[in-house]
Amino acid sequence: MLSYWRQYLAISPFYLVFLVFSFVPVFYSLYLSFQRYDGLGTKQFVGLQQFEFLWSDPVFWLSIRNTLLIWVLSTVPTLFGALVLATLLHSVRRFKGFYRIALYVPNVTSIVAVAIFFGAVFSNDFGLVNAILGTVGISPVPWLSNPWLIKVVIALLMTWMWTGYNMIIYLAGLQAIPQSVYEAAKMDGAGPIRTFFQITIPIMRPIILFTVVVSTINGLQSFSEPQVLFASNAANQNLGGPGQAGLTTLLYFYQSAFLDNDYGYGAAIVWAFFVLIIVLVVINWRIVQRGRKS
């Protein structure tokens, strides 16, 4: 093993950077969650008091509800739309490369730029969507002031960004299915819909499980979308828009730690949220696996 010391030395910078900037901060944040600390003064050990306050904090539970609603509103249409687009693209004979690039571009576009664009398009007063609705006699819709519509706009933004990513993964899975399987189904009299649900979906189940898990993790970590949409910063602490309808859990963590300088409580928020993500991932895993066994 020591004979490979040059190779280990070559890859050691990555592990050193990971150790210093990822591994150590993660466990330091766990340590902070049991402290009262403003970033400058002396740390004071408070035990589970941060988590006890978290349990009774109405803003924390509001952020959890907002996050879960946005996650559902974005993940379901994202995965369904990605599977439909992948199926359609799989049957295309010409310009397949162009379509793949065009649908994947939103995922590599800066999320800040996309959020600014959506903020302009769905603006209450001068937005493109309301301008189009006005041409057909529909009064302006309060996209960025109505509590439910705020969540819809954030979910649409996330759907637009992640549909292409999941579509590429589904397309790769579809291309791995032998054509002979579809030919055999066609000879047995199976139509397109029956073939899709009884052949394509069961074979694609492991890939669908992967996208569900990844989409769950990504969807629950929404932060930049509401922050940029509502210009949340130290000077404007209107986090999540009117009524905090777009206040996600990570945005609340940002407010507690970096705007209110309560690093201990911020750490408690993010660790409680981490546990929630793990629980939801396990639930999704079990649901998909149960469907696979049945």
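The values are calculated or read from the model by the stated rules, or taken from the named source; none is laboratory data. Just so we're clear, the structure is a prediction, and the values are computed from it rather than from any experiment. Surface accessibility is based on the protein's heavy atoms, side chains included, excluding ligands, DNA and RNA. Shrake-Rupley method; radii C 1.70, N 1.55, O 1.52, S 1.80 Å.
Computed quantities for the displayed model
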read-out: MRE, 222 nm, helices only [DSSP H, n ≥ 4, -39500 (n - 2.57), over the chain, to nearest 500]; value: -22000 deg cm²/dmol
read-out: Solvent-accessible area per residue, Å², over the range 58-291 with all protein chains present [probe radius 1.4 Å]; value: 51
read-out: Accessible surface of the chain [probe 1.4 Å, protein heavy atoms]: carbon and sulfur percent; value: 70
read-out: Cα shape, the range 1-95, gyration tensor, a/c 1.5 rule; value: oblate
read-out: Reported label for calculated Cα extents along the principal axes in Å given [x] 95, 73, 36; [y] 114, 65, 30; [z] 75, 75, 40; value: [z]
read-out: At least 30 Å along the helix axis (C-alpha) and Kyte average at least 1.0, DSSP helices within the chain; value: 58-90, 147-175, 263-293
read-out: Equivalent ellipsoid semi-axes - Cα gyration tensor, the range 103-158, angstrom; value: 22, 13, 9
